[in-house]
1. Of all strands (runs of 3 or more DSSP E) completely enclosed by region 132-225, which ones contain at least 3 residues that are under 29 Å from Gly91 (Cα atoms)?
2. If I filter region 71-83 down to residues being of a type outside the set (Val, Ile, Thr) and surrounded by fewer than 22 Cβ atoms within 10 Å (Cβ to Cβ), which single residue comes out as nearest to ligand 1 (Cβ to nearest atom)?
3. May I ask you to list the residues in region 7-54 that are more than 17 Å from Val172 (Cβ to Cβ), open to solvent by 70 Å² or more (accessible area, probe 1.4 Å) and touching an Asp or Glu at 6+ places or on another chain (Cβ under 9 Å)?
4. Only residues in region 213-224 that are within 15 Å of Val44 (Cβ to Cβ) count as the first member; pair them with residues that are in a helix (DSSP H, G or I) and among the β-branched types (Val, Ile, Thr), Cβ under 8 angstrom, at least 6 apart or cross-chain, and list the lot.
5. Within region 62-70, does at least one residue satisfy the condition of being within 16 Å of ligand 1 (Cβ to nearest atom) and of a type outside the set (D, E, K, R)?
6. Among the candidates Val44, Val15, which residue alone is within 12 Å of ligand 1 (Cβ to nearest atom), modelled with pLDDT of 95 or more and more than 27 Å from Arg197 (Cβ to Cβ)?
7. May I ask you to list the residues in region 226-248 that are within 16 Å of ligand 1 (Cβ to nearest atom) and outside any strand (DSSP E or B)?
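The values are calculated or read from the model by the stated rules, or taken from the named source; none is laboratory data. Bear in mind that the values here come from a model prediction, so they are computed numbers and not experimental data. As a convention, Cβ positions derive from the backbone with ideal geometry for all residues, glycine included, and neighbour counts pool all protein chains shown. Keep in mind that these areas ignore ligands, DNA and RNA; they rest on the heavy atoms of the full protein, side chains included. Shrake-Rupley method; radii C 1.70, N 1.55, O 1.52, S 1.80 Å.
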Amino acid sequence: MLLEVEGLTRYFGGVAAVKEISFQVQESEIFALIGPNGAGKTTVFNLITGLLAPDAGSLVFEGKSLAGLKPHQIAAAGISRTFQNLQLFGGMTVLENIIAGAYLKGRTGFLKSLATWPGSAREERKIRQEALALIDEVGLAGLADLPAAALPFGRQRLLEIARALASGPRLVLLDEPAAGLNSAETKELADYLKRLREEGKSMVLVEHDMETVMEVADRIMVLNFGEAIALGTPAEIQANPEVIKAYLGEDEQVA
Ligand SMILES: Nc1ncnc2c1ncn2[C@@H]1O[C@H](COP(=O)(O)OP(=O)(O)OP(=O)(O)O)[C@@H](O)[C@H]1O
Ligand SMILES: [Mg+2]
């Protein structure tokens, strides 16, 4: 088991944003977390990546507890993420953004790697080549030297995914990667996520676009007001009356 989340709980004020959530992510799995706005999805990511400390519960990655680790240590352990609100370096080029992501690799912290940047010329060439390959793979070919801020929003989303992948993580947490993408880009994204799974990556996908979720997810957990109300395959989730009621309102159907 790659990631084991057990009884994860986090309060803000007196309110549980995440309450006793348990799930496991397997190797080469796309595990989706869905639920209405404010359900606690991003908070789960913030807890896994060490931006927030849990009030209760445990997080175990590759058999080791993540308790007390700093965000850069968790990144170095092999978990990377994208942000719902993009956090690119807008003034840096596409290539530089990806190289910055690549320097999270290994056991050094981000600041330390910046301090030693660019490292040896040979290492730099290798990282550059890998970054360019990633740029092609994610569909940003030809854009490497543009400032990130100059890209259309949909392309910036893809860049953030590429940057998250640049560190060679075992597990990638994607927070609404399809938000702001047009339908062609969304389709490309879904195909790309499936390709990454074939290559052995594991992903936790937070996404409101149900078509994408139902197409790519192996299993889905539904959160509502911080609590898990369902866990199952896309077919099981689509047929779950409680999910339809809580998540979409009684008049609508999932996907
Ligand atoms: N840092 C914080 N301080 C206080 N409250 C917070 C904080 N982060 C999240 N919350 C609250 O916790 C709850 C869950 O928020 P969260 O961002 O995890 O929801 P979400 O499922 O990601 O929603 P969305 O789909 O809108 O992104 C919300 O009520 C939110 O206001
Ligand atoms: Mg969110």
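1. Hits in region 132-225: 171-175, 202-206.
2. Across region 71-83, the extreme among qualifying residues is Phe83.
3. Answer for region 7-54, where residues must be more than 17 Å from Val172 (Cβ to Cβ), open to solvent by 70 Å² or more (accessible area, probe 1.4 Å) and touching an Asp or Glu at 6+ places or on another chain (Cβ under 9 Å): Tyr11, Lys19, Glu20.
4. Ile220/Val213; Ile220/Ile237; Val222/Ile237; Val222/Val243; Leu223/Val44
5. no
6. Val15
7. Listed by number, the residues that qualify are Gly226, Val243, Ala246, Tyr247, Leu248.
Rundown of residues vs (1) of a type in the set (S, T, N, Q); (2) touching a strand residue (DSSP E or B) at 6+ places or on another chain (Cβ under 8 Å), yes/no style:
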position: Thr49; (1), (2): yes, yes
position: Ala67; (1), (2): no, yes
position: Lys70; (1), (2): no, no
position: Ser80; (1), (2): yes, yes
position: Phe89; (1), (2): no, no
position: Asn97; (1), (2): yes, no
